[in-house]
1. Taking the stretch 76-85, which residues are at pLDDT 90 or above and not aliphatic (A, V, I, L, M)?
2. Restricting attention to the stretch 47-65, report how many residues are out of contact with any His (no Cβ under 9 Å at 6 or more places or on another chain) and either buried (at least 21 other Cβ atoms within 10 Å of the Cβ) or within 24 Å of residue 127 (Cα to Cα) (or both).
3. Before we move on, is residue 151 of a type in the set (A, V, I, L, M, F, W, C), without any contact (Cβ under 8 Å) to a residue 40 or more places away in the chain and not in a strand (DSSP E or B)?
4. How many residues does the stretch 74-93 contain that are part of a strand (DSSP E or B) and out of contact with any His (no Cβ under 7 Å at 6 or more places or on another chain)?
5. Looking only at the stretch 91-102, filter to residues that are surrounded by fewer than 18 Cβ atoms within 10 Å (Cβ to Cβ) and touching a helix residue (DSSP H, G or I) at 6+ places or on another chain (Cβ under 9 Å); which one of those is farthest from residue 35 (Cα to Cα)?
6. Considering each residue of the stretch 55-93, count those that are on the phi > 0 side of the Ramachandran plot and within 12 Å of the chain's Cα centre (by Cα), and give that number.
7. Applying the selection to the stretch 23-63, what residues are in a helix (DSSP H, G or I) and either at pLDDT 80 or above or closer than 29 Å to residue 103 by Cβ (or both)?
8. State the number of residues belonging to the stretch 90-141 that are in contact (Cβ under 8 Å) with a residue 40 or more places away in the chain and among the small types (Gly, Ala, Ser).
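The values are calculated or read from the model by the stated rules, or taken from the named source; none is laboratory data. Every value quoted in this text rests on a predicted model; they were computed, and no experiment measured them. Neighbour counts run over all protein chains shown; Cβ positions are idealised from the backbone, glycine included.
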Amino acid sequence: MEPNGTKGKTAIASAGSWQWERLYNPFVIALLRSPWHSLLDAHTILLTVTGRKSGKRYTFPVSYVREGETLWVVSQRGRSWWKNLRGGAPVLVFVQGHTWQARGETLSNTDMAASILLHILRSVPAYQRLLHVKLDATGQPEDPKALTRLAEEHIVVRIDKLAEYAA
């Protein structure tokens, strides 16, 4: 088992990614907590989740898309942090220099996840390259099966009910 919770061929492909994140994440965390947070916080937040079994808090940077008072986060299924949010759980979100208490919940319905992923792909075109799903001129996937695969390979997390955090 690899450190990111994957095995086999997937572990080989993602092991380099995991090692990169060990170097990259502390830098991003420091930058987001600094006076220069505006360089990254348009699409990156610090998310703190609490382990269901361990009770330990984990903080890491994630990309997000904001829709009103809801933040959408996409994670690969091979990651394990999102499992702490199944059925909904409290989270802390550090965004734009402020910490918020919120509720995070995974979307378990693949059709609903596909719908949200399509919205994200339309809202932030850079995600098309990142998630390997190209949209045509009408905003639909060029390969209709690609969106289904994307929804099966990724988890969509909804973060809402943001309230100012009083430490």
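1. Let us first name the residues in the stretch 76-85 that are at pLDDT 90 or above, namely 81-85.
Across the stretch 76-85, the qualifying residues are 81, 82, 83, 84.
2. Here is the first cut: in the stretch 47-65, the residues out of contact with any His (no Cβ under 9 Å at 6 or more places or on another chain) are 47-62.
So of that shortlist, the ones also either buried (at least 21 other Cβ atoms within 10 Å of the Cβ) or within 24 Å of residue 127 (Cα to Cα) (or both) come out as 47-49, 59-62.
Summing the residues that are out of contact with any His (no Cβ under 9 Å at 6 or more places or on another chain) and either buried (at least 21 other Cβ atoms within 10 Å of the Cβ) or within 24 Å of residue 127 (Cα to Cα) (or both) in the stretch 47-65 gives 7.
3. Working: of a type in the set (A, V, I, L, M, F, W, C): yes; without any contact (Cβ under 8 Å) to a residue 40 or more places away in the chain: no; not in a strand (DSSP E or B): yes.
Against the criterion (of a type in the set (A, V, I, L, M, F, W, C), without any contact (Cβ under 8 Å) to a residue 40 or more places away in the chain and not in a strand (DSSP E or B)), residue 151 does not qualify.
4. Step one: of the stretch 74-93, the residues part of a strand (DSSP E or B) are 74-76, 89-93.
Going one step further and asking which of them are out of contact with any His (no Cβ under 7 Å at 6 or more places or on another chain), we end up with 89-93.
Total satisfying the criteria: 5.
5. Start the filter on the stretch 91-102 by keeping residues that are surrounded by fewer than 18 Cβ atoms within 10 Å (Cβ to Cβ), which leaves 96-99, 101.
Next, from what is left, pick out any that are touching a helix residue (DSSP H, G or I) at 6+ places or on another chain (Cβ under 9 Å): 96-97.
On the way: 96: 10, 97: 8 Å.
My answer is 96.
6. Step one: filter the stretch 55-93 for residues on the phi > 0 side of the Ramachandran plot, giving 55, 68, 87-88.
Subsequent filtering for residues that are within 12 Å of the chain's Cα centre (by Cα) retains none.
Residues meeting the conditions: 0.
7. Once the filter is applied, which keeps residues that are in a helix (DSSP H, G or I) and either at pLDDT 80 or above or closer than 29 Å to residue 103 by Cβ (or both), the stretch 23-63 yields 24, 25, 26, 27, 28, 29, 30, 31, 32, 37, 38, 39.
8. Qualifying residue count, the stretch 90-141: 5.
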